[in-house]
Amino acid sequence: MTLTLYNTLTRRKEVFEPLDPMRVRLYVCGPTVYDRAHIGNARCFVVFDVLYRLLRDIYGRDHVRYARNLTDIDDRINAAARKNGEPIAALTARTTAAFHEDMAALGNLPPDIEPRATEHIPQMIAMIERLIASGHAYVAEGHVLFSVASDRHYGMLSRRSRDEMIAGARV
């Protein structure tokens, strides 16, 4: 069976060819667990569940690995925990459980792996330090920001110029 997917970069449908047909990998950016999901949040997970099932059907269940992260550290999480008067860990445990229940109610399969941001803080810090050292990120007003100018391909998928993507710009 041939799988054809839309390629955002080329703007056309193309035959999907995995880098390794014996180990097809699917990564989906998961939820930030500070509140209950709504139907708009669930849409992408339903779509990727369909893709996951299709990939498993084509390449075999043992040859597809689906990873979906959980962002369990974030300013919105801190603010919600403070507002609720509860520990951050209690909030994220509750909202993660609710997310899993909601995904199961929609009939979604769980991912093969679901790493949590809080389990990878040292690796994130090391990556950020490498980005800063290489000139791809910088510190401003207590935040680390990506240096758009350092990546000549930035904006290719959206086909927008750097001028159109100035942070904070609104029409």
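In the chain, what % of DSSP beta bridges are antiparallel (nearest 5)?
That works out to approximately 50 percent antiparallel.
Rounded to the nearest 500, the helix-only mean residue ellipticity at 222 nm of the chain stands at -12000 deg cm²/dmol, with each DSSP H run of n ≥ 4 adding -39,500 (n - 2.57). Extension gain, residue 75 to residue 3, is 22.0 nm, computed as 0.36 nm per intervening residue step minus the present C-alpha separation. With Cα atoms as the point set, the radius of gyration and Dmax of the range 1-101 evaluate to 17.3, 53 Å.
Taking every protein chain into account, the accessible area of the chain amounts to 70 square angstrom per residue (probe 1.4 Å).
Atom-type composition of the exposed protein surface of the chain places 57 percent of the accessible area on carbon and sulfur (1.4 angstrom probe). Distant-in-sequence amide contacts of residue 28, defined by a placed amide H-H separation under 5 Å and a gap of 5 or more residues or a different chain, comprise 67, 68, 69.
Accessible area per residue was computed with a 1.4 Å probe on protein heavy atoms; residue 163 scores about 120 Å². Pairwise Cα distances in the chain exceed 18 Å in 73 percent of cases.
The values are calculated or read from the model by the stated rules, or taken from the named source; none is laboratory data. These numbers were taken from a predicted model, which means no experiment stands behind them. These area figures cover heavy atoms from the full protein model, side chains too; ligands, DNA and RNA do not enter into them. Shrake-Rupley method; radii C 1.70, N 1.55, O 1.52, S 1.80 Å.
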